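Everything below concerns the one structure shown next.
What follows draws every value from the coordinates through simple rules; no lab data is involved. Remember, predicted model here, so these are calculated numbers, not experimental data. Don't worry about glycine lacking a Cβ; one is built from the backbone with ideal geometry, like all the others, and counts go over all protein chains shown.
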Amino acid sequence: LGGSLRGALKKIASASRIDKQVVDEAVREIQRALLQADVNVKLVMNLSNRIRDRALSEKPAPGMNPREHVINIVYQELINLVGKSSPVTLEKQTIMLVGLQGSGKTTTAAKLATFFQRKGLRSAVVCADTFRAGAFDQLKALCEKQGVFFYGEKGNPDAPAVARRGLEASRKYDIVIVDTAGRHALEKDLIQEMMDIDAVVAADHKLLVMDAALGQQASEQAKAFNKAVGITGVIITKLDGTAKGGGAMSAVAETNSSVAFIGVGETPNDLERFEADRFISRLLGMGDIKTLIERAQETKVEEEVDVEALMRGKFTLKDMCKQMEAINKMGPLKQIMQMLPLGGMGLDLSDQEYQVTKDRLEKYRVIMSSMTEAELEDPKIITASRIKRISRGSGTPPELVRELLKSHKAMQKALKGMRGMNKMGMKRM
Ligand code: GDP
Ligand code: MG
């Protein structure tokens, strides 16, 4: 989605004024992009009509050029589509998770519990999935690992009864999260069971957990879940993959709710609070420096990530190692890079370069210990013969030395791009 939208907006960028033809063309691209991302057809039509009407009829705010005017409208309309901000607050509450099998409910239960614990709220998780064999063990293990209170009754098929006793057992906790069995909108028995659990739990929030890859069925599924229990928010999982979450957008519109959280990985830490403007920024390829900076602040690293220096683009080989180490602690580099403007400036880093593993960092350190100060400060001076010397001195193959230098170059280039971007477009963020 990001790529095509970016293309559409670029077109407007090169137009000196907004006329019907330019807007129509951009809107068509936006439609194509949204449909490709599996946003519901009707929704796309409504959205694009509104964008077209507004772009042509509203006057740009003073000081806004045509491009900014249209981007602004697209941005606002997309925000309206996904909801303004997370409906979930940091209060004492009960949350019930519902959704299709495999959508990520159980993982998300552990993620949510972890999220609230980190915010200082005591979390408990109740396993009301009595349907799938293994659900109990999966959730129990996740909770134990995170130090979260767990309640379940292995082998007892009576989900509403388990939920009721789970609630009682969790009474002294601030946050109670109830995981339920996955089901399809058409499975009458399971839908009835979900309604029975709902009647017992009476959760403050009923969150629909939805795989980002769910396509055009998303609306229909959301409608059925909403009718059964009343959905108060949507969690989009697996946004770390290639799927864009277009289906979830439709679900939000269908349930007239908003996105509460997004899942960005398989570990209990891979949950982010949904914020529409960030999400849309990312969607539009405007980058998401805000998330990046917050993560850096949240992550306890001994070696501080100097985001300022990063942004200035000061970057020696030593800096790179330090940054890699810090970034390594923040999460997979690929994920971090995607938060940077234009997804890391469309930089083509290979998977290998993305994976700055501990192992690799160790090797880099060994290589660097065979370099001179001058080389560390200014790797440009490292010629082929110097590579040979460093390789021999550090006992590592010359390819690895070259790889280290290549990574440095690539990251330096990305930082330069960020600096450029910072001047141009960050005002809006
Ligand atoms: P449930 O059937 O709805 O309870 O789904 P599970 O929680 O068991 O998750 C199904 C699969 O999706 C598991 O392999 C999870 O690790 C994976 N998963 C869940 N959320 C995410 C996510 O945000 N990103 C990725 N990459 N995988 C996820
Ligand atoms: Mg499950």
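On full extension, the segment bounded by Asp158 and Leu121 gains 10.4 nm, given 0.36 nm per residue less the C-alpha separation. The stretch between Gln36 and Ser85 holds 15.2 nm of extra length on full extension. This uses 0.36 nm per residue minus the Cα-Cα distance. Label-to-label distance, Asn49 versus Gln76, with points set 7 angstrom from Cα along the beta-carbon direction: 1.9 nm.
Note on Thr242 and Leu56: their simple-model spin labels are 3.6 nm apart, each label 7 Å out from Cα toward Cβ. Can you figure out the FRET efficiency of Gln101 with Asp24, using R₀ = 41 Å and their beta-carbon distance, to the nearest 0.05? Efficiency computed from Cβ-Cβ geometry: 0.45.
Legend: residue pairs Lys119/Lys206; Lys42/Lys105; Lys42/Lys92; Lys42/Lys140; Lys42/Lys206, Cα-Cα distance threshold 32 Å; pairs beyond threshold, Lys42/Lys92; Lys42/Lys140. What is region 197-271 by shape, rounded, prolate or oblate, if you read a ≥ b ≥ c off the alpha carbon gyration tensor as root eigenvalues and call it rounded for a/c under 1.5, prolate for a/b larger than b/c, and oblate otherwise? Oblate, because a/c is 1.5 or more while a/b does not exceed b/c. Within the shell defined by Cβ-Cβ distances under 9 Å, the residues around Asp270 carry a net charge of -2, with Lys and Arg each +1 and Asp and Glu each -1. Charged neighbours of Ala218, selected by a Cβ distance under 11 Å, balance to -3 (K, R count +1; D, E count -1). One decimal place: the segment Lys388-Asp137 gains 85.0 nm when fully extended, by the rule 0.36 nm per residue minus the C-alpha distance. Loop-resident GluC sites (Glu not before Pro) (DSSP state other than H, G, I, E or B) in region 19-107 with no more than 13 further Cβ atoms inside 10 Å of their Cβ: Glu58, Glu91. Going by the alpha-carbon gyration tensor, a ≥ b ≥ c the square roots of its eigenvalues, is region 93-284 rounded (a/c under 1.5) or, if a/c is not under 1.5, prolate (a/b greater than b/c) versus oblate? Here region 93-284 falls in the oblate category. The DSSP beta bridges internal to region 93-284 are antiparallel in roughly 10% of cases. In this rough spin-label picture, where each label sits 7 Å from Cα along the Cβ direction, the Lys409-Arg365 distance is 2.7 nm. Which entries of Lys318/Lys413; Lys238/Lys409; Lys172/Lys227 have Cα-Cα distances beyond 23 Å here? Lys238/Lys409; Lys172/Lys227, as the Cα separations exceed 23 Å there.
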